[in-house]
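*Asks:* Submitted below is the structure of interest, expressed as structure tokens.
Please treat every number below as a calculation from the coordinates, not as lab data. Note that the coordinates shown come from a computational prediction; the quantities given were computed from them, not determined experimentally. Ideal geometry is used to build each Cβ from the backbone, glycine not excepted, and the neighbour counts take in all protein chains shown.
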Amino acid sequence: MGFYGLSDDEVITESHSAGKDFLAQVCSDWEKEALKGEDKNLRVVLLRFGSVFGSDGGAFPLLKKNYKLMLGGKLGNGKQWFPWIHIDDVAGIVLKSVTDKKMSGAYNCTAPGIVTNGEFTKTMAKAVKRPVLIPFVPGFVLRIVLGEFGSFLTKGQRAVPEKLLNEKFRFQFPELQGAIADLLKK
């Protein structure tokens with residue numbers, strides 16, 4: 001999702017242009033290079049991932065640990081959108097992109113049930129049966145500690161998988177509650 005840069009409440013689809021920050025520029029440059037394959041009659045599919053949740057990798061194991069220790073909480077005001085996707089849906093999208101010759105161009109790989117950071121906090125705490133003791137981590141603290149990535153965490157993007165939905169991709173985990181429940185079982 002870094003391609004789009006930081007946004008507030010605007011719905012971000014695959015047709016949106018690249019953002020202006022450093023990460024957006026890196027993603028845009030990367031995609032421009034990949035698209036050169038079209039000059040050689042190659043089909044190019046650009047997958048733009050939200051936070052990928054898997055039981056044994058990525059952000060989820062750390063989030064689970066923090067919430068079980070009651071160290072989870074909203075980042076900033078919690079109103080920023082948090083695009084996420086279950087690892088099983090990522091695998092399905094990647095397989096589709098390889099086998100479906102009609103797929104081409106950019107695809108937002110996010111679950112349709114996008115939530116705000118505050119909604120994520122409530123859902124995660126409920127799933128691990130722990131209270132949220134830290135009401136929020138101030139945005140300025142995140143920016144001091146994490147630099148530009150801290151700004152990314154307090155802004156987010158409301159990125160939706162418009163093309164996948166239009167092409168009738170069947171998400172196994174379209175909603176956060178079901179995705180977390182599945183990951184906690186593993």
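*Asks:* What FRET efficiency, computed as 1/(1 + (r/R0)^6) with R0 = 30 Å and r the Cβ-Cβ distance, is obtained for residue 104 and residue 186, rounded to the nearest 0.05? Write down the numbers at each step before the final one.
*Replies:* On the way: r = 33 Å, r/R0 = 1.12.
Working from the Cβ atoms, E equals 0.35.
*Asks:* Select from 89, 21, 100 the residue whose mean-square fluctuation is largest in a Gaussian network model of the chain (Cα-Cα springs shorter than 10 Å).
*Replies:* 100
*Asks:* Follow-up. So, with +1 on the Cβ of K and R and -1 on the Cβ of D and E, and no other charges, what is the size of the charge dipole of the chain about its Cα centre, to the nearest 20 debye? Walk me through the numbers before you get to the answer.
*Replies:* Working: 26 positive and 20 negative charges, 142 e Å.
Roughly 680 debye for the chain.
*Asks:* Also, I was wondering about something else. Under a crude label model (7 Å from the Cα following the beta-carbon direction), how far is residue 42 from residue 133 in nanometres?
*Replies:* Inter-label distance under the simple model: 5.2 nm.
*Asks:* Further, regarding this structure: Report the residue, chosen from 38, 14, 119, that carries the largest GNM mean-square fluctuation when the chain is represented by alpha-carbon nodes joined by springs under 10 Å.
*Replies:* Taking springs between Cα atoms under 10 Å, the residue moving most is 38.
*Asks:* Another one. Could you pull out the GluC sites (Glu not before Pro) across the stretch 132-183 that fall in loop regions by DSSP (anything but H, G, I, E, B) with no more than 16 other Cβ atoms inside 10 Å?
*Replies:* Those that pass, being in a loop and sparsely packed, are 167, 175.
*Asks:* So which of 129/163; 65/185; 20/64; 74/163 end up more than 24 Å apart by C-alpha?
*Replies:* In this structure, 129/163; 20/64; 74/163 lie more than 24 Å apart at Cα.
*Asks:* Right, next: Sorted from largest to smallest, which semi-axis lengths in Å does the alpha carbon gyration tensor of the chain give for its equivalent ellipsoid, taking the root of 5 times each eigenvalue?
*Replies:* 29, 20, 13
*Asks:* Calculate the radius of gyration of the Cα atoms of the stretch 38-91 to one decimal place, then report Dmax, the largest Cα-Cα distance, as a whole number, both in Å.
*Replies:* 16.2, 53
*Asks:* A 27 angstrom limit on the alpha carbon distance is what I want to check against. Which of 126/155; 32/155; 40/155 exceed it?
*Replies:* Where the Cα-Cα span goes over 27 Å, the pairs concerned are 40/155.
*Asks:* Of all DSSP beta bridges in the chain, what percent run antiparallel (nearest 5)?
*Replies:* Numbers: 4 of 17 bridges.
For the chain, the DSSP antiparallel bridge percentage is about 25.
*Asks:* When only C-alpha pairs under 8 Å and at least 6 residues apart count, what is the relative contact order of the chain, in percent?
*Replies:* For the chain, the relative contact order is 31 percent.
*Asks:* Report the one residue of 2, 164, 86 whose Cα lies farthest in the direction of the positive end of the charge dipole of the chain (charges on C-beta: Lys and Arg +1, Asp and Glu -1; origin at the Cα centre).
*Replies:* 86
*Asks:* Give me the number: length gained by fully extending residue 13 to residue 33, i.e. 0.36 nm times residue separation minus the C-alpha to C-alpha distance, one decimal in nm. Working shown, then result.
*Replies:* On the way: separation 20, 0.36 × 20 = 7.20 nm, distance 2.12 nm.
Using 0.36 nm per residue and subtracting the Cα-Cα distance, I get 5.1 nm.
*Asks:* Related question: Among all the aspartates and glutamates, which ones have a C-alpha under 13 Å from residue 101's C-alpha, if same-chain residues fewer than 8 places away are not counted?
*Replies:* In chain and number order, the partners are 167.
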